[in-house]
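Encoded as structure tokens, the structure appears first; notes follow it.
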């Protein structure tokens, strides 16, 4: 008879095959679906989930089982590419590139011996991102090489599309699987893990994302960012990765079906794909660090809470220092614990004045008043917290007490307990500092997400949000609105002649000059490259043109040592029942091009 059991310490054959089979099936289904919904070039999808699936499987598997996972992934990739319309040589080349990048990323990040990457530690998040960038760049290079050999000349657009799609798959799907695996209950019930609050967070993300990508009249892409941020704050890395996965899935589906703010016929597929990919990358790049900080803060708070609990247990189970003030002799008799707190070890009693003198000068009067009120019968007892200065330094203490009376009711003294609460105060201070640190980190993250890193002004997202808000106000008829679009004349020549470092300084100088010419309440932002937009609330045509001319003249006459002189062309548009912020910007852009056709260094008003 055969042996139905595996060797000790070895999984059964069925268990060893289940992982690779599930990985292969998941790889094939997601790959084929991505190719069906592709919005990239040369058969590349918006998000290549298989790279994240295979990466996570290799991380979680034993190194000896990796060949089986690679074989399963290779077969799935080959099948998906062939069904997607690629020829045999190209399908084999793409499969090699896909397997190489997943294997390289898994090998550099770690595995069973090292452990899966922790998305709760900022350093581990940075390491994962760096490895992912390098591995995906290699995979994109191999894919581009095979594409050039078997289907034509290599294309930079092809490389960029491959790099962005696989990077998104690695950055989004990989962490989702790893964080879910880490959070999955060991021997527990699924319903304990998928709690109602967690499902509510998922429902919120879905409820916000569907209308965002189902309707394209107004751009609501900031709403999924807000929902993802809330999920990140509540669920940590799992909330960040899961929310981005939901947003990416819904966004890809609706965009592929022709719905949503990204399904604009006037734009090229490549431009829309890159825009959506950049949107998702920004979400991941901001979500994972914030999630790690939130998790670290939660862990710190848990440790502090545990420390405080143990401290309370120790205080309740240990001897509490006590003292007695004899009103007849004026002496204070103290227990050894009270003497240690005061830093006295050679006496069992000492004058009350000496005990009072050991308190901090700022607390001394309050301590004396609390005890005297009890002696005078104004209170039933006393309680205070104060600082004692002794040989051990400054200590925080808490004292509770009552009046001591003789059998006949005569007042004979005051008795009390004394506890050293210095550790508790320190714990509270650390907790307060941890909360302030986390709040400051979140504030900086939000600011960074809305600021152009080169010029320090509003970035494209914040700029478009501001214009949309002002358009809503102007539509109601309660205020006028104008926008000025600025473009530096011949800026490419400046970069070519002087270098990009000088070009960056020119951009910074222009922003500084333009700011001086603006009114309070005006907003300048960088739309991209050398294009800037100024939002002019409560500005009619004549006032907007006047401000624009003031900016143009100031830039023309400004001279900065080491920088070439520049001029700008400006297009001004005033709100005139424009259906959206996009239409208002489009008219300003048209006026800008009219200024350029007029010879540049000019300002034109939109029709």
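Restricting attention to the range 408-447, report how many residues are outside any helix (DSSP H, G or I) and closer than 30 Å to residue 291 by Cβ.
The first filter runs over the range 408-447 and keeps only residues outside any helix (DSSP H, G or I), leaving 408-421.
Right, trim to closer than 30 Å to residue 291 by Cβ and you get none.
Going through the range 408-447 one residue at a time, the tally reaches 0.
From the list 130, 160, pick out the single residue that is at pLDDT 80 or above and closer than 22 Å to residue 31 by Cα. Steps first, please.
Working: 130 fails: closer than 22 Å to residue 31 by Cα.
After applying the criteria, what remains is 160.
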Item to check | Selection within the range 154-176 - in a helix (DSSP H, G or I) and more than 14 Å from residue 129 (Cα to Cα) | outcome: 156, 157, 158, 159, 160, 161, 162, 165, 176
Checklist outcome for this item: From the option list 594, 588, 577, 602, single residue qualifying as surrounded by 17 or more Cβ atoms within 10 Å (Cβ to Cβ) and within 39 Å of the chain's Cα centre (by Cα) is 588
Checklist entry - Since residue 565 meets every condition but one in (1) farther than 20 Å from residue 503 by Cβ; (2) loosely packed, with under 15 Cβ neighbours inside 10 Å, which condition does it not meet? => result (1)
Next on the checklist: I'd like to know if the range 358-365 contains one or more residues that are in contact (Cβ under 8 Å) with a residue 40 or more places away in the chain, assigned to a strand (DSSP E or B) and in contact with a strand residue (DSSP E or B) (Cβ under 6 Å, 6 or more places away or on another chain).
Outcome noted: no
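Yes or no: the range 373-380 includes at least one residue that is surrounded by 12 or more Cβ atoms within 10 Å (Cβ to Cβ), without any contact (Cβ under 8 Å) to a residue 12 or more places away in the chain and closer than 22 Å to residue 405 by Cα.
First pass over the range 373-380, keeping only residues surrounded by 12 or more Cβ atoms within 10 Å (Cβ to Cβ): 373-375, 379.
Subsequent filtering for residues that are without any contact (Cβ under 8 Å) to a residue 12 or more places away in the chain retains 373, 379.
Going one step further and asking which of them are closer than 22 Å to residue 405 by Cα, we end up with 373, 379.
Yes: one or more hits.
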Checklist outcome for this item: Per the list (1) over 30 Å from residue 524 (Cα atoms); (2) in contact with a helix residue (DSSP H, G or I) (Cβ under 7 Å, 6 or more places away or on another chain), residue check on residue 394 breaks on (2)
Checklist entry - Among the residues of the range 185-192, is there at least one that is more than 23 Å from residue 129 (Cβ to Cβ), surrounded by fewer than 17 Cβ atoms within 10 Å (Cβ to Cβ), over 15 Å from the mean Cα position of the chain (by Cα) and modelled with pLDDT of 75 or more? => result no
Checklist entry - Being outside the structural domain of residue 221 (by TED's automatic domain parsing), farther than 20 Å from residue 601 by Cβ, crowded, with 19+ Cβ neighbours inside 10 Å and touching a helix residue (DSSP H, G or I) at 6+ places or on another chain (Cβ under 8 Å), is that true of even one residue in the range 493-501? => result no
Next on the checklist: Checking residue 89 against (1) surrounded by fewer than 18 Cβ atoms within 10 Å (Cβ to Cβ); (2) out of contact with any helix residue (DSSP H, G or I) (no Cβ under 6 Å at 6 or more places or on another chain), only one condition comes out false. Which one?
Outcome noted: (2)
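Condition test on residue 460, is it under 30 Å from residue 220 (Cβ atoms), touching a strand residue (DSSP E or B) at 6+ places or on another chain (Cβ under 8 Å), touching a residue at least 24 places away in the same chain (Cβ under 8 Å) and surrounded by fewer than 18 Cβ atoms within 10 Å (Cβ to Cβ)?
Details: under 30 Å from residue 220 (Cβ atoms): yes; touching a strand residue (DSSP E or B) at 6+ places or on another chain (Cβ under 8 Å): yes; touching a residue at least 24 places away in the same chain (Cβ under 8 Å): yes; surrounded by fewer than 18 Cβ atoms within 10 Å (Cβ to Cβ): yes.
Yes: the conditions hold for residue 460.
Would you mind stating whether residue 519 is in contact with a helix residue (DSSP H, G or I) (Cβ under 8 Å, 6 or more places away or on another chain), surrounded by fewer than 18 Cβ atoms within 10 Å (Cβ to Cβ) and touching a residue at least 24 places away in the same chain (Cβ under 8 Å)? Step through it out loud before you land on a result.
Numbers: in contact with a helix residue (DSSP H, G or I) (Cβ under 8 Å, 6 or more places away or on another chain): yes; surrounded by fewer than 18 Cβ atoms within 10 Å (Cβ to Cβ): yes; touching a residue at least 24 places away in the same chain (Cβ under 8 Å): yes.
Answer is yes for this residue.
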Item to check | Residue list for the range 149-171, restricted to those being over 15 Å from residue 102 (Cα atoms), touching a helix residue (DSSP H, G or I) at 6+ places or on another chain (Cβ under 8 Å) and surrounded by fewer than 24 Cβ atoms within 10 Å (Cβ to Cβ) | outcome: 149, 150, 151, 154, 155, 157, 158, 159, 160
Item to check | Hits in the range 24-51 - residues which are under 14 Å from residue 105 (Cβ atoms) and at pLDDT below 85 | outcome: 48
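The values are calculated or read from the model by the stated rules, or taken from the named source; none is laboratory data. Because the structure is predicted, anything quoted here is derived from the model rather than measured. Neighbour counts are summed over all protein chains in view; Cβ atoms, including those assigned to glycine, are modelled from backbone coordinates with ideal geometry.
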